[in-house]
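Right, one structure below, let's go through it.
Coordinate-derived values only; no laboratory data. Everything numeric in this text was worked out from a predicted model, so none of it was measured. Note that we place each Cβ from the backbone using ideal geometry, even for glycine, and neighbour counts take in every protein chain shown.
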Amino acid sequence: MQLPEDFIHSIGSLIPNKAEAFFSALEEDVPVSIRLNPVKFRRNPLCFSPGKVAQTVPWSQWGYYLSERPSFTFDPLFHSGYYYVQEASSMFLEYVVRQLVHEPAVCLDLCAAPGGKSAILLSSLPEGSLVVSNEIVRQRAHVLSENLIKLGQSNGLVCNNAPADFAVFPLFFDIVLVDAPCSGEGMFRKDENAVTEWSLKNVQMCAARQKDILTDVWNALKPGGLLIYSTCTYNMHENEENVRWIADELGAEFVSLQVGESWGISPALMPGVEAYRFFPYSVRGEGLFLSVLRKSASEKTGTIKNYFRRKNKNQKIPLLKSEMAEYAPLLQNPEEYCFVEKECRITALPHMHADTLLLLSEKLRVVSLGIEIGKKKGCDFIPSHALAMSTRLNPDAFCRYETAYEQAIAYLRGEAFVPDQLPSGFVLLGYKNEPLGFVKNLGNRINNLYPREWRIRSSHLPEKREELFSEVIEDPAKNPIP
Ligand SMILES: C[S@@+](CC[C@H](N)C(=O)[O-])C[C@H]1O[C@@H](n2cnc3c(N)ncnc32)[C@H](O)[C@@H]1O
C-alpha cells in the first residue's frame with residue numbers, strides 16, 4: 001500500500017511506539033465480519049454452515065468474524081435481512097448502548113448511511129425506543145432505507161435532511177449519534193480511494209465540517225442526553241480535539257465505559273478526554289474512534305410533551321382508524337398499530353410512537369417510516385416489500401412458498417418465476433423459512449414484486465455455492481450461535 005508521506009509522519013507522531021506495528025497491520029488481510037439481525041434470528045434460529053465462522057466479536061453479542069469472504073450477493077439470507085455485513089470495530093456501538101441506555105429512548109442517527117450503526121441502534125436500544133436515521137445525501141438515504149427495511153423493524157424513520165434541519169426540534173432527542181464524515185484513515189486497508197483522497201488539508205476540512213455538524217445538531221439533544229461521537233479516522237484534529245471542544249464550548253461531560261481488558265481497545269491520546277480507539281495492530285477490525293458525552297442538564301428544559309401542545313393543527317396525514325379492520329389481519333398484534341394513508345400508500349405506525357413519527361414527518365424529508373403495508377391501486381391492494389420484510393407480518397396473512405436456492409436467486413434477480421404449484425393471488429416466497437418477498441400468481445403468469453432497484457444485477461452465479469447458514473444442526477455444541 002502506497003501511503004502519503006504526510007500520513008506516515010502524522011502516525012509517527014501520534015503513536016511513536018506503535019507506528020511500526022501499525023504499518024505492518026495495514027498490510028494484513030481485512031477481517032470479514034457480519035452481525036446477525038437479532039429479531040430475525042430469534043424468530044428463525046439457523047446454524048452457521050461448518051467452517052464458516054472463525055471467531056465471535058468480543059464486544060458484540062451478535063457479531064462474528066468469518067473464516068473467508070463469501071459472495072454475499074448470492075446468499076438469499078443477506079437480501080432477507082437475516083444479517084448485516086459489518087466491520088467489527090463499528091459493532092462497539094452495541095456495547096456502548098447496552099452499557100449506558102436502560103430506558104426507552106428517542107435517538108437520532110444523524111449521519112446514518114449505509115446503515116450499520118442504525119441497525120445496531122434499532123436492535124440494541126431498550127424495547128419502546130425510536131430511531132430516526134438521517135442521511136444528507138439523497139441517493140445514500142435511499143440505500144439506508146433499503147438496508148433498514150430489510151431488517152424488518154417498525155420503530156424507525158429514515159429521512160434525508162441536513163443537520164441544521166433538526167433545529168426545529170429543540171431539546172427533542174435523548175440520544176444523538178454523530179458518526180461523522182471523516183478523512184477515513186481507518187478505512188485505508190479496505191478502501192483504496194480513502195488513501196488517494198487523503199491530505200492534511202482534507203483532514204482540516206473534515207475537522208471543521210464535523211464542528212459545523214455538531215453545532216447544527218446540538219440544540220436538538222435534550223439536557224442530560226447522550227451524544228455519541230465517532231469517526232473512522234486516527235488523527236487528533238477530528239477526534240480528541242473535537243470532543244474536547246464539545247465538552248468545553250457546547251457544555252458536556254465525558255461518560256466512561258468499562259471495556260474488556262483483553263479486547264485491545266486503546267484510550268484517548270489527549271489528557272482529560274475519555275474515548276475509545278481501535279487500532280488494527282491490537283484489534284481485529286478497522287480504525288474507530290468513539291467518545292460519549294452527556295449534555296449538561298442545566299440548560300432550560302423542554303420535553304417532548306411541549307411539542308404536542310403546539311403541533312397537529314396542520315396534520316397532513318389523516319389517521320385511518322376506521323379502515324383499520326381491513327389492514328389489521330396483516331400484522332401480528334395489530335392493536336399496537338395505527339394505520340395512515342399518504343398518496344395511496346398505507347403505513348402502520350406503532351401507537352406508542354405515532355404522534356412523534358407524525359410530528360417528525362411534518363418537518364423532515366421522510367424516505368420511509370414504520371412499516372409500509374402496501375399500495376392502493378384502483379380497487380386492488382398491493383402488499384409492499386417492507387411488509388414482507390417486517391418481523392411484525394402475520395405469518396398466516398399470505399400463502400407461503402418455500403423456494404429452492406436457484407429459485408430464490410432467480411426471484412432476487414427479478415426473473416420470471418415458474419414453480420410447479422403455486423397458490424393463486426399474492427404469495428410470500430421464503431428461503432430457509434425467511435421471507436424474501438411477494439409474487440402475484442395470476443394463473444397465466446406470475447408477477448415478480450421484488451423491488452426493481454434492489455435486484456441482483458450480476459448475471460453469473462459463483463462457481464461454488466457456499467452458504468453461510470444451513471438448517472441442519474450437525475453438532476449443536478459446535479455451532480457458535482448465541
Ligand atoms: C461515516 S459515514 C456514516 C456511516 C454510517 N453511520 C454507518 O454506520 O453505516 C458518514 C455519512 O455522513 C454523510 N455526510 C457527508 N457530509 C455530511 C454533512 N455535511 N452533514 C451530515 N452528514 C454528512 C455521508 O454522506 C455519509 O453517509
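Looking only at Cα atoms, what is the convex hull volume of segment 141-234 per residue, in Å³? Don't skip to the answer; put the middle values down first.
Numbers: hull volume 11.8 nm³, N = 94.
Spelled out: Cα convex hull of segment 141-234, divided by residues, is 125 Å³.
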Original post:
For V57, which sequence-distant residues (separation of 5 or more, or a different chain) have an amide H within less than 5 Å of its own amide H, given hydrogens modelled in the peptide plane?
Top reply: G63, Y64, Y65
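Calculate the dipole size of segment 5-295 relative to its Cα centre from +1 charges on Lys and Arg beta carbons and -1 charges on Asp and Glu beta carbons; express the result in debye to the nearest 20. Intermediate values should be presented prior to the final figure.
Numbers: 23 positive and 33 negative charges, 187 e Å.
Roughly 900 debye, rounded to the nearest 20.
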Original post:
What residues have an amide H closer than 5 Å to that of G370, excluding those fewer than 5 places away on the same chain, when H is modeled at 1.01 Å from N in the peptide plane?
Top reply: G156
Subject >> Two-decimal ratio, segment 399-459, of alpha-carbon radius of gyration to 2.2 N^0.38 Å >> reply: 1.01
Original post:
From largest to smallest, what semi-axes in whole angstrom does the chain give when each is the square root of 5 times an eigenvalue of its alpha carbon gyration tensor?
Top reply: 38, 30, 19
Subject >> ³J(HN,Hα) computed for each position of segment 382-390 - Karplus, 6.51 cos²θ - 1.76 cosθ + 1.60, integer Hz, glycine/proline x >> reply: 10, x, 8, 5, 4, 5, 4, 7, 5
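Diagonalise the Cα gyration tensor of segment 82-172 and give the resulting equivalent ellipsoid semi-axes, square root of 5 times each eigenvalue, largest first, whole Å. Write down the numbers at each step before the final one.
Details: eigenvalues 74, 61, 28 Å².
Ellipsoid semi-axes (Å, largest first): 19, 17, 12.
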Original post:
Between Y405, I373, H79, whose Cα lies farthest towards the positive end of the dipole of the chain when Lys and Arg beta carbons carry +1 and Asp and Glu beta carbons carry -1, centred on the Cα centre?
Top reply: I373
Original post:
What is the set of long-range amide H partners of L108 at a cut-off below 5 Å, with H atoms built 1.01 Å from backbone N?
Top reply: V132, I175, V176, L177
Original post:
Where does the longest stretch of the chain lie that holds no trypsin sites (Lys or Arg not before Pro) found in a DSSP loop with 12 or fewer other Cβ atoms within 10 Å?
Top reply: 1-299
Subject >> Table column - 3J(HN,Hα) (Hz), segment 425-430, Karplus curve with 6.51, -1.76, 1.60, x for Gly and Pro >> reply: x, 6, 10, 8, 7, x
**OP:** Mind sorting H9, H142 by how few other Cβ atoms lie within 10 Å of their own Cβ, fewest first?
**Re:** H9, H142
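What share of the DSSP beta bridges in the chain is antiparallel, in percent to the nearest 5?
Working: 55 of 76 bridges.
Roughly 70 percent of the DSSP beta bridges within the chain come out antiparallel.
Of the cross-linked pairs K18/K190; K342/K432; K52/K440, which ones have a Cα-Cα span greater than 31 Å in the structure shown? Write out the running numbers ahead of the final one.
Working: K18/K190 21 Å; K342/K432 34 Å; K52/K440 36 Å.
From the list (K18/K190; K342/K432; K52/K440), the Cα-Cα distance tops 31 Å for K342/K432; K52/K440.
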